[in-house]
Amino acid sequence: MAIRYRMPIKRGIYLWNHYMRPTISDTEGCPRIFTFYKVCFKDATDEIKRLVEFRGLKPDDLSSLLDAISHELKHHTSEN
């Protein structure tokens, strides 16, 4: 965010905290799973399988789910 939006790191941390803390605390005690944007592009098949398994779904074919991940929409990369 610092590079893309010229936003100070402190502001980015504030925004993450503002939106994510309530999300995490409001779902405490509920089944939940966390995923990361870059994982969806790095290892899409395994990540989709993990998410599908978490939801207890058994799709016949993962290809339509994999097709939903468009590498053309990935505008950012980082070393971390």
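The values are calculated or read from the model by the stated rules, or taken from the named source; none is laboratory data. All figures in this text were calculated on a predicted structure; none of them were measured in a lab. Reconstructed Cβ throughout: ideal geometry from the backbone, glycine too, with neighbour counts over all protein chains shown.
Table: residues versus (1) of a type in the set (Val, Ile, Thr); (2) without any contact (Cβ under 8 Å) to a residue 12 or more places away in the chain.
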residue: 19; (1), (2): no, yes
residue: 25; (1), (2): no, yes
residue: 39; (1), (2): yes, yes
residue: 42; (1), (2): no, yes
residue: 46; (1), (2): no, yes
residue: 50; (1), (2): no, no
residue: 56; (1), (2): no, yes
residue: 61; (1), (2): no, yes
residue: 67; (1), (2): no, yes
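Taking the criterion of being part of a loop (DSSP other than H, G, I, E, B) and modelled with pLDDT under 80, the residues of the stretch 60-77 that qualify are 60, 61, 68, 69, 70, 74, 75, 76, 77.
Test of understanding: among 32, 21, which residue is surrounded by 10 or more Cβ atoms within 10 Å (Cβ to Cβ), modelled with pLDDT of 90 or more, among the basic types (Lys, Arg) and outside any loop (DSSP other than H, G, I, E, B)? Break it down stepwise before answering.
Values: 32 fails: outside any loop (DSSP other than H, G, I, E, B).
None of the others qualify; the one that does is 21.
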